[in-house]
Amino acid sequence: MNISKILKLKKKLIRQYYSFKYPLIPYSPEKFVKPEKVLTYKSGWSGLELIIEDILEMFDIERESCIEFGVEFGFSSVVFSNYFEQVKGIDTFFGDTHTDHKGDHYKETKESLREYPNIELIKSNYQDWIKLDKSNYDFAHVDIVHNYKETFECGLWAVRHSKCCIFHDTESFPEVRKAVFDIAKVTGKKAYNYPKNFGLGIIV
Ligand SMILES: C[S@@+](CC[C@H](N)C(=O)[O-])C[C@H]1O[C@@H](n2cnc3c(N)ncnc32)[C@H](O)[C@@H]1O
């Protein structure tokens with residue numbers, strides 16, 4: 001067996017161990033709906049746009065406000081702009097250890113999202129933002145650097161300030177899955193998992 005096969009197998013075993021140790025309720029959408037506005041580039045988020053309406057209906061979520069941590073080039077922000085009157089997107093716009101793109105991309109993202117007036121971009125790290133924001137939101141999304149500490153800290157704030165919070169990459173980053181499991185435990189909420197498109201955790 002060559003090195004890349006061994007590494008793949010190791011990743012698979014770690015994933016299986018985390019799924020066993022941190023069980024989440026399987027989420028099966030009843031329907032798949034493509035929203036009207038979707039950016040055309042391929043994002044790690046691509047595919048998940050099809051289940052957002054299902055999630056909002058399933059958990060009876062109102063459609064006024066949404067906050068997102070981790071915008072990058074705006075794929076998920078534009079998806080949310082179909083459903084919410086106001087979408088706030090918080091990002092350093094600098095990338096992180098897990099993103100392919102590194103370096104300031106604030107202006108580029110702002111320019112390409114110009115035609116979506118209900119998206120407000122805020123260049124900040126989540127650490128500074130959550131110290132100041134006392135608002136509550138209908139919906140939240142966490143898709144920042146995929147370490148346990150950051151996902152737990154940002155996610156705990158997001159769950160406490162929203163009715164429903166989703167987390168990307170529960171399958172590709174076991175630490176995100178563990179953070180989702182722990183946040184649900186600490187807050188007494190339920191945690192679901194949609195296993196496709198790198199995994200989407202849902203806490204309600
Ligand atoms: C995986 S990308 C987000 C992808 C995006 N949701 C999409 O639909 O394509 C992660 C983003 O999180 C941002 N990020 C990482 N750590 C952060 C932090 N501490 N505070 C705010 N943003 C952060 C990065 O700059 C990067 O743009």
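Read-outs: derived from the displayed coordinates by stated rules, not from any lab. Please read all numbers here as calculations on a predicted model, not as lab measurements. Here Cβ is always computed from backbone atoms with ideal geometry, including for glycine, and neighbour counts include all displayed protein chains.
Modelling each spin label as a point 7 Å along the Cα-to-Cβ direction, I'd like the residue 11/residue 60 distance in nm, to one decimal.
Reported label-point gap for residue 11 and residue 60 is 4.1 nm.
Output the direction-averaged projected area (hull surface divided by four) of the convex hull of the alpha-carbon atoms of segment 29-128, in nm². Let's see the in-between values first.
Numbers: hull surface 27.0 nm².
Computing the convex hull of the Cα atoms and averaging its projections yields 6.8 nm².
Taking the highest mean first, how do the peptides 165-176, 7-18, 150-161 order by number of other beta carbon atoms within 10 angstrom per residue? Let's see the in-between values first.
On the way: 165-176: 24.6, 7-18: 12.0, 150-161: 21.8.
Packing order, densest peptide first, comes out as 165-176, 150-161, 7-18.
Pull out a ≥ b ≥ c, the square roots of the eigenvalues of the alpha-carbon gyration tensor of segment 1-71, then state rounded if a/c is under 1.5, prolate if not and a/b is larger than b/c, and oblate in the remaining case.
Details: a/c = 2.61, a/b = 1.74, b/c = 1.50.
Cα axes put segment 1-71 in the prolate bin.
How many angstrom separate the Cα center of segment 1-49 from the Cα center of segment 140-204?
Computed from Cα coordinates, the inter-centre distance equals 13 Å.
Between residue 3 and residue 33, how many nm apart are label points set 7 Å from Cα along the C-beta direction?
So the two model labels end up 4.9 nm from each other.
Sorted by average packing, counted as other Cβ atoms within 10 angstrom per residue and highest first, what order do 42-48, 85-91, 20-26 take?
On the way: 42-48: 17.6, 85-91: 22.3, 20-26: 12.9.
Packing order, densest peptide first, comes out as 85-91, 42-48, 20-26.
What length, rounded to one decimal in nm, is gained on full extension from residue 135 through to residue 123, with 0.36 nm per residue of separation minus their alpha-carbon distance?
Details: separation 12, 0.36 × 12 = 4.32 nm, distance 1.79 nm.
Length gained, residue 135 through residue 123: 2.5 nm.
Hey, if you drop one equal point scatterer on each alpha-carbon of segment 97-204 and run the Debye formula without solvent, what base-10 log of I(q)/I(0) do you get at q = 0.11, 0.12, 0.21 Å⁻¹?
-0.37, -0.44, -1.21
Based on the inverse mean of 1/r over its pairs of different Cα atoms, what is the Kirkwood hydrodynamic radius of segment 32-83, in Å? Could the numbers behind the result be given before it?
Numbers: mean 1/r = 0.0869 Å⁻¹.
It is 11.5 Å.
FRET efficiency for residue 108 and residue 40, Cβ-Cβ distance as r, R0 = 22 Å, nearest 0.05? Let's see the in-between values first.
Details: r = 15 Å, r/R0 = 0.70.
That gives a FRET efficiency of 0.90.
Report the equivalent ellipsoid semi-axes for the chain in whole Å, largest first, defined as the square roots of five times the eigenvalues of the gyration tensor built from alpha carbon atoms. If you can, show how the numbers build up before the last one.
Details: eigenvalues 126, 81, 62 Å².
Equivalent ellipsoid semi-axes, largest first: 25, 20, 18 Å.
Return P(r) of segment 151-204 (all Cα-Cα pairs; 5 Å bins starting at 0; whole %; ordered from short to long distances).
Taking all Cα pairs of segment 151-204, the binned fractions are 5, 25, 37, 23, 9, 1 percent.
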